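A.B. asks: Mind having a look at this structure? Questions to follow.
The values are calculated or read from the model by the stated rules, or taken from the named source; none is laboratory data. Small disclaimer: the values here were computed from a predicted structure and weren't measured. Neighbour counts are summed over all protein chains in view; Cβ atoms, including those assigned to glycine, are modelled from backbone coordinates with ideal geometry. Heads up: the accessible areas ignore ligands, DNA and RNA and are worked out on the full protein's heavy atoms, side chains in. Shrake-Rupley method; radii C 1.70, N 1.55, O 1.52, S 1.80 Å.
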Amino acid sequence: MMIRGVGRKLPSLFRLSSSSPYSVASVAGRNSWPQAPSLEREAADEKNDMLASFTRSSGFTGYSGFSRGFASDALSAGSSTGGLPATVVALKNPTNQIVYDETVHERHSPGDPSKRAFTYFVLTGGRFIYASALRLLLLKFILSMSASRDVLALASLEVNLSNIEPGATVTVKWRGKPVFIRRRTESDIKLANTVTMSELRDPQEDSARVQNPEWLVVVGVCTHLGCVPLPNAGDYGGWFCPCHGSHYDISGRIRKGPAPYNLEVPQYSFLEEGKLLVG
């Protein structure tokens, strides 16, 4: 590696030394120096001494062809560089015109018109494939958020009301939550409609909470901390939460305790006589 590096540097150094006014070939003696500063003269002397000692020790009498394969100017054959390496000429003469070395192989111009249609076809096909893959991923992501068939089957619940006696409360499971279905008597309906709105924490008419005054359907989860209230209990004859003492009336409205809201009324509908669909 050291020999190759020295081989790259020697031709340029020898040419610079031969063209210098301070070289051995151009100066007959030390006494015939031109008028130059003493520091430059000493540097030129040291360089000439080093070159002379190297040529004597290596045994090379002619160095013009030595290691030419590793010289930088050999790469730009046919170019006129004035004896300087191509890299030195390029640094001293910057230009925006790029000149390619075609001594080794022919340079093919980019953008062959005969292949332009094929290039457009390949690019268009690739973009179409990318767009199709992105569309497929987007559809899969959207469909993954929709409910599956088993979930949709549990989203609604059909209840037979013919077996529920007046004044009784039935608890069914819907979407993992208990749902209270109460068949109210005439006295229950009358009591629910005689309540003054100013007495309620969450004011709501009884008619707004039922579709049929005889049937009350509410979610059996306390609005305080999610406990399950006990039916037919409490100070108002509706539901009582044993966790923190919330009392609900016969319409599922909060009347006493820490619960802030009334019992939730789910979406339901009457299919036919004696049939109820929750959800």
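A.B. asks: Dipole magnitude of segment 157-278 about its Cα centre, charges +1 at Lys/Arg Cβ and -1 at Asp/Glu Cβ only, in debye to the nearest 20?
C.D. replies: For this selection, approximately 380 debye.
A.B. asks: Related question: Given the pairs 190/256; 190/275; 140/177, which span a C-alpha to C-alpha distance of over 22 angstrom in this model?
C.D. replies: In this structure, 190/275; 140/177 lie more than 22 Å apart at Cα.
A.B. asks: Any idea how far apart residue 163 and residue 244 come out in nm if each label point goes 7 Å out from Cα toward Cβ?
C.D. replies: Going by the 7 Å Cα→Cβ label model, 3.6 nm.
A.B. asks: Follow-up question, since we're still on this one. Quickly work out the residue 261-to-residue 171 label distance, labels modelled 7 Å from Cα along the C-beta direction, and quote it in nm with one decimal.
C.D. replies: Calculated label separation equals 2.2 nm.
A.B. asks: Quick one: pull the percent of accessible area on segment 158-257 belonging to carbon and sulfur, 1.4 Å probe, ligands and nucleic acids left out.
C.D. replies: 50
A.B. asks: For the full complex of protein chains and a 1.4 angstrom probe, list 164, 129 by accessible area with the highest value first.
C.D. replies: Putting 164, 129 in descending order of accessible area: 129, 164.
A.B. asks: List residues of segment 212-227, by number, whose backbone nitrogen lies under 20 Å from a label position 7 Å along Cα→C-beta of residue 269.
C.D. replies: So the set is 212-219.
A.B. asks: Between residue 211 and residue 121, 0.36 nm times their residue separation minus their Cα-Cα distance comes to what?
C.D. replies: Extra length from residue 211 to residue 121 when fully extended: 25.9 nm.
A.B. asks: Cβ neighbours within 10 Å, averaged per peptide: list 130-139, 206-215 in order, most packed at the top.
C.D. replies: 206-215, 130-139
A.B. asks: Could you work out how much longer the chain between residue 45 and residue 106 gets when fully extended? Use 0.36 nm per residue separation minus the Cα distance between them, nm to one decimal.
C.D. replies: Extra length available between residue 45 and residue 106 comes to 17.4 nm.
A.B. asks: Ordering 248, 100 by how much accessible area each has at a 1.4 Å probe, largest first, what is the list?
C.D. replies: So, going from the largest accessible area down, we get 100, 248.
A.B. asks: Could you check the spin-label model distance between residue 136 and residue 96? Points 7 Å from the Cα along Cα→Cβ, value in nm.
C.D. replies: 4.7
A.B. asks: Here's another thing I want to ask about it. At 1.306 mPa s and 10 °C, plugging the Kirkwood radius over alpha-carbon pairs of segment 154-263 into Stokes-Einstein gives what diffusion coefficient in µm²/s?
C.D. replies: Answer from the Stokes-Einstein relation: 113 µm²/s.
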